[in-house]
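Novice: Would you mind keeping the following structure in view while I ask a few things?
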Amino acid sequence: MTPASPAPTPPARTAPAPASPALRAKRRRHRLRVMLFLSPWLVGFAVFLLYPLGTTVYLSFTNSNMISPAQWVGLRNYRFMFGEDPFVWQSIRNTGWLVVIMVPAQVLFALGVAMLTARLKSGAGVFRTLFYLPALAPPVAATVAFVCMFNPATGPVNQVLRLLGIDGPLWFNADAWSKPALTLLALWGSGSAMVIFLAALLDVPAELYEAAALDGANPWQRFRWVTLPTISPVLMFSMVTGVIAALQYFTQAMVAAQTAGGTRNEVSFGYPGGSSLTFSQWIYATGFTQFHMGYACALAVVLFAVSMLFTVLLLRRASGFTPQEAAA
């Protein structure tokens with residue numbers, strides 16, 4: 001019986017030779033050049049992001065009106081936010097409704113319009129331009145025009161519904177219809193998302209559709225097994241940006257409340273009946289109309305944390321979003 005040969009010993013690791021002074025000086029010069037080119041961005045990042053963010057976090061623990069010196073109050077603002085302020089939970093419910101309902105509806109609508117325009121054989125450029133034009137309208141002007149169109153008494157939408165024998169709702173003047181009306185406004189202005197989806201759809205290789213058709217796949221199966229897996233990164237991008245925009249939803253809801261409410265006292269925030277009050281509106285109202293800047297900073301910190309949480313969760317989902325999962 002032959003004895004087993006001993007295992008070969010790994011070669012001893014030798015420490016790397018120290019860099020010469022000339023090499024170290026060259027590396028330092030390289031780092032300095034890199035920092036020099038990065039310095040404009042670093043200065044802007046520090047001045048316009050880090051400093052305001054740090055100041056906001058500090059002020060969230062104070063009682064400040066931005067005139068008199070801030071007084072340290074610890075966690076009092078956060079305790080009041082989650083335990084005593086009734087408008088916070090109302091604004092959270094409204095903002096959550098926009099995230100859960102408006103964002104998916106806008107993504108699906110933009111995807112549907114993009115698929116329709118991608119299949120057009122003639123006049124495709126005209127229809128794509130018409131669908132994209134609402135996205136070019138300023139948000140304030142578009143919201144005012146939209147509220148006037150949906151005016152329950154004189155608006156053309158309800159007048160057309162009356163001709164059809166349908167009693168139209170109050171739209172922006174009703175608690176139950178204000179957020180659906182804002183959702184319709186978002187669908188009308190979803191031209192930017194439509195263009196992104198259109199570019200993704202036109203980039204799908206035609207060979208994949210031809211192979212699926214030869215295998216006997218119907219239109220739904222081609223969409224499910226070819227189109228959806230291919231454009232899944234664009235879908236995820238639209239969801240992430242849509243959720244962030246919905247969490248910061250402010251202009252359209254504010255202008256719609258003021259336009260529909262007229263001279264009522266409650267029009268500035270959340271008309272009618274607080275149904276359109278968003279979290280961003282409540283931050284603005286607290287800080288710039290009630291001058292409780294410390295409490296407004298606490299609200300802003302919570303909004304920033306929630307936005308970061310949603311973004312991280314969606315991006316982690318996107319990192320494992322394989323074509324097989326998209327098709328399933």
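The values are calculated or read from the model by the stated rules, or taken from the named source; none is laboratory data. None of the values given here were measured: they were computed from a predicted structure. Note that each Cβ is placed from the backbone with ideal geometry, even for glycine, and that neighbours are counted across all protein chains shown. What goes into the accessible areas is simple: the full protein's heavy atoms, side chains included, and nothing from ligands, DNA or RNA. Shrake-Rupley method; radii C 1.70, N 1.55, O 1.52, S 1.80 Å.
Novice: To the nearest 0.05, how large is the calculated FRET efficiency for LEU202 and LEU309 if R₀ is 45 Å and r is the Cβ-Cβ distance?
Specialist: In this case the efficiency is close to 0.85.
Novice: Going toward the positive end of the dipole of the chain, with +1 on Lys and Arg Cβ and -1 on Asp and Glu Cβ, which of PHE37, PRO134, VAL301 do you reach last?
Specialist: Checked the options; the winner is PHE37.
Novice: Something else about it: Can you sort SER68, SER232 by 1.4 Å-probe accessible area, starting with the largest? Before the final figure, lay out each step's value.
Specialist: Details: SER68 60, SER232 5 Å².
From most accessible down to least: SER68, SER232.
Novice: Then there is this: Where the eigenvalues come from the Cα gyration tensor of the chain, what are the semi-axes √(5λ) of the equivalent ellipsoid, largest first, in whole Å? Present the calculation step by step, with values, prior to reporting the outcome.
Specialist: Numbers: eigenvalues 425, 275, 80 Å².
Gyration-tensor ellipsoid for the chain: 46, 37, 20 Å.
Novice: Just for the Cα atoms in region 173-273, what are the lengths along the principal axes, largest first, rounded to whole Å?
Specialist: 65, 22, 17
Novice: Give the accessible area for TRP225 in Å² (nearest 10); use a 1.4 Å probe, count only protein heavy atoms, and leave out ligands, DNA and RNA.
Specialist: That residue has around 140 Å² of solvent-accessible surface.
Novice: Which FRET efficiency value, to the nearest 0.05, do you get for THR251 and PHE37 by plugging their Cβ-Cβ distance into 1/(1 + (r/R0)^6) with R0 = 35 Å? Each step should come with its number before you reach the end.
Specialist: Details: r = 37 Å, r/R0 = 1.04.
That gives a FRET efficiency of 0.45.
Novice: Once you charge only the Cβ atoms, +1 for Lys and Arg and -1 for Asp and Glu, what is the size of the charge dipole of the chain about its Cα centre, to the nearest 20 debye?
Specialist: Once rounded to the nearest 20, the dipole reads 1480 debye.
Novice: Sort LYS121, LYS26, LYS179 from largest to smallest accessible area, using a 1.4 Å probe on the heavy atoms of the protein chains.
Specialist: Sorted by accessible area, descending: LYS121, LYS26, LYS179.
Novice: Rank by packing, highest mean first: peptides 307-317, 243-253, with packing defined as the count of other Cβ atoms within 10 Å averaged across residues.
Specialist: Numbers: 307-317: 13.1, 243-253: 18.9.
In descending order of packing, they fall as 243-253, 307-317.
Novice: Something else about it: About the Cα centre, and with charges only on the beta carbon of Lys, Arg (+1) and Asp, Glu (-1), how big is the dipole of region 14-144? Nearest 20 debye, please.
Specialist: 1060 debye
Novice: What is the distance, in nm, between label points placed 7 Å from the Cα along the Cα-to-Cβ direction at ALA135 and at LEU49?
Specialist: 2.4 nm
Novice: For ILE92 and LEU214, calculate 0.36 nm times their separation in residues minus their Cα-Cα distance, and state this gained length in nm to one decimal.
Specialist: Details: separation 122, 0.36 × 122 = 43.92 nm, distance 5.03 nm.
Fully extending the segment from ILE92 to LEU214 adds 38.9 nm.
Novice: Something else: Over the chain, what percent of the accessible surface lies on carbon and sulfur atoms, probe 1.4 Å?
Specialist: Reported share for carbon and sulfur atoms: 69 percent.
Novice: Give me the accessible area per residue for the chain, probe 1.4 Å, as a whole number in Å².
Specialist: Accessible area per residue: 62 Å².
Novice: On to the next question. Taking 0.36 nm per residue of separation and subtracting the Cα-Cα distance, what length does fully extending VAL144 through LEU108 add?
Specialist: My answer for the length gained is 10.5 nm.
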